[in-house]
Amino acid sequence: MRESWRWFGPNDPVTINDIRQTGATDIVSALHAVPSGEIWPIEEIQEHQTLIEHSEPDLASLKWSVVESIPVHEDIKLARPGHQAYIDNWIASMENLAQCGIKTICYNFMPVIDWTRTDLNFRLPSGVYSLRFDQKKFAAFDLYILQRENADTDYTNEEIEEARQAYEAMSEVEREGLTQNIIAGLPGKMTDSYSLNNFRSMLSNYKDVGHETLRKNLFAFLSQVLPRAEALGVKLAIHPDDPPRDMLGLPRIICTPVDLERLFKALPSPANGITLCVGTYGSHPDNDLPSMAKQFGPRIHFSHLRGVSRDPKEQRSFYEANHLDSDIDMIQVIKELLNEEARREQTDSQSGAIYIRPDHGHQMMDDIGKPVNPGYSGIGRLKGLAEIRGVIRALSSQKIEVLS
Ligand code: DNO
């Protein structure tokens, strides 16, 4: 497994030199300044690559190995007239990356919103700060702030009442904070920031787009991208919808093993792969992560190894727990990934190593009070990486037993 670390570019408060000290060898990054739908120019890729790979020639080298993510333009998701140009641009960006030797590409197909949380500073008993998704607050946003048309049909009477109480308990500042978290998006988001009105109109574009249409549009996009990816030796790694269920009336189609089975049945190309985001899939109570890691092993090119702890009474609410102490059996997930790598070594040398990274670290110690991209603190992620690394080393030293 290759230990990687996400870097948001020169404005990231966690610098390349900080990352080098963590012992990670590979960088996950993107050209965040290029607007969605435009081609990533080769010169800009090379410039970014130089910042990562050649900033300190005397120190250990880092390699930009994974892209997270090339945004998929909304017009592609909606298959609007003229969207072919955006598909062509996406392919051109992929070709430029491949030419620079960057061949693992994460992307997602979430309409309008990318990953979503309601609280960015949720204090845990140890005193660290975590990210949280609170279903009641989210419903309060939907029903009472956004006032989405027909939103009440998505909730039971009891849920509506709880959302009303949650809304009333919030101050104006809290309501504004909640709104910003949802419509302005979180770091690395692949969608634009919106005003509330603009957001309503983006949502209304999907009024007549259900799961089957969105799936058809994803498959149509991939049927053009995959042959080119295969020819270039690029591996695509679709990121799941976070949280993995429909939201705000939007269809979401990469949430469960059944969704993935449909994806691979329709498009079996070996270039068609996934990002096993353990925390995202794990926030759906029916997803069994070790079994997913095993079932989709050959398709896993990249993995985010974080965990969540769901509320016992409201399984749609969760906070981001310690990497090893969550609702998910992380040791078993890592075992399955190691088994998959062993399989590749024996029978499938083309597939190569799996890139893994710590994800959404807590804010702790010197992280607290420093500017931070929510979820992307330095010390919190270092702790996650160190824990995961320990598990990988311990299991790898017993490889024979792991495999048997
Ligand atoms: C959050 C991330 C997402 C992810 C994109 C992938 O931390 O997992 O922003 O990068 O959804 O396209």
Note to self: Need the failing condition index for Arg132 against (1) at pLDDT 95 or above; (2) away from the ligand (no atom under 16 Å from the Cβ), just the number.
What the structure shows: (2)
Next item on the list: For region 350-366, indicate whether the set of residues that are of a type in the set (D, E, K, R), modelled with pLDDT of 95 or more and more than 16 Å from the ligand (Cβ to nearest atom) is non-empty.
Entry: yes
Item checked: Candidates Ile334, Ile354, Ile328 - the one that is within 30 Å of Glu158 (Cα to Cα), of a type outside the set (Gly, Ala, Ser) and touching a helix residue (DSSP H, G or I) at 6+ places or on another chain (Cβ under 7 Å) -> Ile328
Note to self: Restricting to region 102-129, and then to whatever is under 27 Å from Ile253 (Cα atoms), outside any loop (DSSP other than H, G, I, E, B) and of a type outside the set (A, V, I, L, M, F, W, C), can you tell me which residue is nearest to the chain's Cα centre (by Cα)?
What the structure shows: Tyr107
Check: In region 192-216, how many are of a type outside the set (Phe, Trp, Tyr) and either assigned to a helix (DSSP H, G or I) or crowded, with 19+ Cβ neighbours inside 10 Å (or both)?
Finding: 14
Item checked: Yes/no for Ala342 being surrounded by fewer than 19 Cβ atoms within 10 Å (Cβ to Cβ), closer than 26 Å to Arg299 by Cα and modelled with pLDDT of 95 or more -> no
Item checked: Cβ-Cβ under 8 Å pairs, at least 6 apart or on other chains, region 361-377 side over 18 Å from Ile388 (Cβ atoms), far side open to solvent by less than 40 Å² (accessible area, probe 1.4 Å) and away from the ligand (no atom under 16 Å from the Cβ) -> Gln363/Val128
Margin query: For region 367-387, which positions are part of a loop (DSSP other than H, G, I, E, B), of a type outside the set (A, V, I, L, M, F, W, C) and within 16 Å of the ligand (Cβ to nearest atom)?
Written below: Asn373, Pro374, Gly375, Tyr376, Ser377
Next item on the list: Hand me the list of strands (runs of 3 or more DSSP E) wholly inside region 217-315 holding 3 or more residues that are closer than 25 Å to Asp348 by Cα.
Entry: 235-238, 272-277, 300-304
Check: Which residues, counting only those in region 63-84, are assigned to a helix (DSSP H, G or I) and either open to solvent by less than 20 Å² (accessible area, probe 1.4 Å) or without any contact (Cβ under 8 Å) to a residue 24 or more places away in the chain (or both)?
Finding: Ile76, Lys77, His83, Gln84
Item checked: Qualifying residues in region 223-280 (those that are β-branched (Val, Ile, Thr), within 16 Å of the ligand (Cβ to nearest atom) and under 21 Å from Leu305 (Cα atoms)) - the one surrounded by the most Cβ atoms within 10 Å (Cβ to Cβ) -> Val278
Checklist line | Selected residue [within 23 Å of Ile354 (Cβ to Cβ) and of a type outside the set (Lys, Arg)] from Ser55, Ser61 | finding: Ser61
Margin query: List pairs: first residue in region 272-293 and free of Cβ contacts under 8 Å to residues at least 40 places away in the same chain and among the aliphatic types (A, V, I, L, M), second residue part of a helix (DSSP H, G or I) and within 13 Å of the ligand (Cβ to nearest atom) anywhere in the structure, Cβ distance under 8 angstrom, at least six positions apart or on different chains.
Written below: Met292/Tyr281
Check: Can you tell me which residue in region 97-121 is farthest from Asp259 (Cα to Cα), limited to those that are of a type in the set (S, T, N, Q), touching a helix residue (DSSP H, G or I) at 6+ places or on another chain (Cβ under 8 Å) and open to solvent by less than 30 Å² (accessible area, probe 1.4 Å)?
Finding: Thr118
Item checked: Scan of region 130-159 for residues that are open to solvent by less than 40 Å² (accessible area, probe 1.4 Å) and part of a helix (DSSP H, G or I), ordered by number -> Gln135, Phe138, Ala139, Ala140, Phe141, Asp142, Leu143, Ile145, Ala151
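The values are calculated or read from the model by the stated rules, or taken from the named source; none is laboratory data. What you see is a predicted model, and the numbers here were worked out from it, not measured in a lab. Glycine also receives a Cβ, built like all others from the backbone with ideal geometry; neighbour counts cover every protein chain displayed. Ligands, DNA and RNA are stripped out before the accessible areas are found, and what is left, the full protein with its side chains, is counted by its heavy atoms. Shrake-Rupley method; radii C 1.70, N 1.55, O 1.52, S 1.80 Å.
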